[in-house]
Amino acid sequence: MARYIPPRQSKVGQIIDVLVLLILIVGALRVPLWFELAGGAKTPAAHNPAASWADLGQDTPEKVAAWNALGFTDPTNESLQSLITARFDYTINTLELLIMIVVVVGYYVLLVRFSGKEYKEVIAEKFGDRR
């Protein structure tokens, strides 16, 4: 039985594959940001100019020291308060959920179909076409 030798891909084909994968990866990371779908904490409480560490729920010296280490020494800082008081929005958008289900199922179907086709090609190439 002859040893299977897979077909060779050209250098240009490899470069195109890498570029397409790079574009897909960057797109997968950026598209949710462009459509504002990323990040659950989107509703910070109103700024309180007279807030103390205890008012913000940072009632232990360790918590205050951690914020100080990050450069936040004043509890009245507006950006600090928006970080601490932001609450996660756990509501589920039905349309977004349905779109995600369609994308995942569609990807799975596409993957199975292409894999099955390639598997049949490799078997036919290795053992001959036995249809």
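The values are calculated or read from the model by the stated rules, or taken from the named source; none is laboratory data. Because the structure is a prediction, the values reported are computed rather than measured. With ideal geometry, Cβ positions are generated from the backbone for all residues, glycine too; neighbour counts draw on all protein chains shown.
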Notebook entry, point to check: From the list VAL12, VAL31, VAL26, VAL20, which one is β-branched (Val, Ile, Thr) and either surrounded by 11 or more Cβ atoms within 10 Å (Cβ to Cβ) or over 27 Å from TYR107 (Cβ atoms) (or both)?
Noted result: VAL31
Next item on the list: Sort through ILE84, ILE23 and tell me the only one that's within 30 Å of the chain's Cα centre (by Cα), within 30 Å of VAL122 (Cα to Cα) and assigned to a helix (DSSP H, G or I).
Entry: ILE23
Check: free of Cβ contacts under 8 Å to residues at least 40 places away in the same chain and either under 30 Å from ARG3 (Cβ atoms) or not basic (Lys, Arg) (or both), is that true of THR76?
Finding: yes
Note to self: I'd like to check something: does segment 41-48 contain any residue that is free of Cβ contacts under 8 Å to residues at least 12 places away in the same chain and either loosely packed, with under 10 Cβ neighbours inside 10 Å or assigned by TED's automatic domain parsing to the domain that holds LEU24 (or both)?
What the structure shows: yes
Checklist line | Scan of segment 66-88 for residues that are modelled with pLDDT of 90 or more, of a type in the set (Gly, Ala, Ser) and surrounded by 11 or more Cβ atoms within 10 Å (Cβ to Cβ), ordered by number | finding: ALA66
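Can you tell me which residue is modelled with the lowest pLDDT among those in segment 89-131 that are aromatic (Phe, Trp, Tyr) and surrounded by 10 or more Cβ atoms within 10 Å (Cβ to Cβ)?
Filtering segment 89-131 for residues that are aromatic (Phe, Trp, Tyr) and surrounded by 10 or more Cβ atoms within 10 Å (Cβ to Cβ), the one modelled with the lowest pLDDT comes out as PHE127.
When only residues in segment 37-81 that are among the β-branched types (Val, Ile, Thr) and outside any loop (DSSP other than H, G, I, E, B) count, which is nearest to GLY27 (Cα to Cα)?
THR43
For residues that are β-branched (Val, Ile, Thr) and surrounded by 15 or more Cβ atoms within 10 Å (Cβ to Cβ), tally how many sit in segment 49-65. Full working, then the answer.
Just the residues of segment 49-65 that are β-branched (Val, Ile, Thr), to begin with: 60, 64.
With the extra rule that they be surrounded by 15 or more Cβ atoms within 10 Å (Cβ to Cβ), the set shrinks to 64.
Total meeting the criteria: 1.
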Check: Of all residues in segment 83-102, how many are more than 17 Å from ALA38 (Cβ to Cβ) and not β-branched (Val, Ile, Thr)?
Finding: 1
